[in-house]
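J.: I have a structure I would like to understand better, so I am pasting it below and will then ask my questions one at a time.
The values are calculated or read from the model by the stated rules, or taken from the named source; none is laboratory data. Please read these numbers as outputs of a predicted model, since none were measured by experiment. Neighbour counts are summed over all protein chains in view; Cβ atoms, including those assigned to glycine, are modelled from backbone coordinates with ideal geometry. Quick note on the areas: whole protein, heavy atoms, side chains included, nothing else; ligands and nucleic acids left out. Shrake-Rupley method; radii C 1.70, N 1.55, O 1.52, S 1.80 Å.
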Amino acid sequence: MKILKRQVEKLMSGKEAYDAVIALTDVYTDTKGIRDFEDAEDAKKKMREWVGNNPKFYPHAASYEFEAWLLPFWSTIQKLAKHNKSAPSGNPEKVNHDNPPSQRIKEIFELGKSSRSYNKARDAKKILEPNDLMDAIEACSELKAFINTILSLSGGDVIP
């Protein structure tokens, strides 16, 4: 909490100060066995409170984890895992704490014939590479908001 405020202040001061700071957290952080945030709105609200009134700070949250943004690409996950387990139903960003997206992806990898478990650093890239990120952006409102902040700050056109 204080760490975030100090980091933002550091990035926005001095001769090499940034014009803006974009923060991204998972809702499902589970610090010391305690759920830090109830949902994405709560995460963004708390980050704003921690940083203070700073119009150049843009908090964002993945609901509930970054892996929610991979769920629209379940067919690719099936291919990599070498298993045909059904995709979680409904909105990817509503896949929750009881069985979060990373656990669902880990489970299909461990059930499959891939002979390995899910590794975020290795497998997220392999899941995303053959796919169109717009599919996830259209399915995931928090991802869309995050991407639109980046586009807006860089002078690009936002995605309607």
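J.: Which residues' amide hydrogens lie under 5 Å from the amide hydrogen of TYR18, considering only partners 5 or more residues apart or on another chain, with H built in the peptide plane?
T.: Sorted by chain and number, the residues that satisfy this are MET12, SER13.
J.: Still on this structure, please answer the following. How high is the FRET efficiency between ASN99 and LYS5 when r is their beta carbon distance and R₀ equals 45 Å, given to the nearest 0.05?
T.: With R0 = 45 Å, the Cβ-Cβ based efficiency is 0.85.
J.: Report the Cα centroid-to-centroid distance between region 122-136 and region 85-104 in angstrom, as an integer.
T.: Each part's Cα centre sits 17 Å from the other's.
J.: Using the heavy atoms of the protein chains and a 1.4 angstrom probe, tell me the accessible area per residue for the chain in square angstrom.
T.: 60 Å²
J.: Continuing with this model, one more query. Residues of region 45-80 with the amide nitrogen closer than 18 Å to a label point 7 Å from the Cα of ASP132, along Cα-to-Cβ, please.
T.: Output list for this probe position: 70-77.
J.: Suppose R0 equals 25 Å; then what is the FRET efficiency for SER152 and SER89 from their Cβ-Cβ distance, rounded to the nearest 0.05?
T.: Efficiency for this residue pair is about 0.20.
J.: Rounded to the nearest 500, what is the chain's calculated 222 nm mean residue ellipticity when only DSSP H runs of at least 4 contribute -39500 (n - 2.57) each, over all residues?
T.: Rounded to the nearest 500, it is -13000 deg cm²/dmol.
J.: I need the peptides 152-158, 135-141, 76-82 ranked by packing, meaning the mean over residues of other C-beta atoms within 10 angstrom, with the highest value on top.
T.: In descending order of packing, they fall as 76-82, 135-141, 152-158.
J.: Another one. I'd like to know which of ASN148, LEU4, GLY90 lies farthest towards the positive end of the charge dipole of the chain, counting +1 on Cβ of Lys and Arg and -1 on Cβ of Asp and Glu.
T.: LEU4
J.: Note down the accessible area of MET12, probe 1.4 Å, to the nearest 10 Å².
T.: 40 Å²
J.: Provide the packing ranking of 120-128, 104-112, 48-56, 67-75, i.e. peptides ordered by the mean count of other C-beta atoms within 10 Å per residue, highest first.
T.: 67-75, 104-112, 120-128, 48-56
J.: Further question: Calculate, for LYS125 and ASN53, the FRET efficiency according to 1/(1 + (r/R0)^6) with r their C-beta to C-beta distance and R0 35 Å; round to the nearest 0.05.
T.: Here the calculated transfer efficiency is 0.40.
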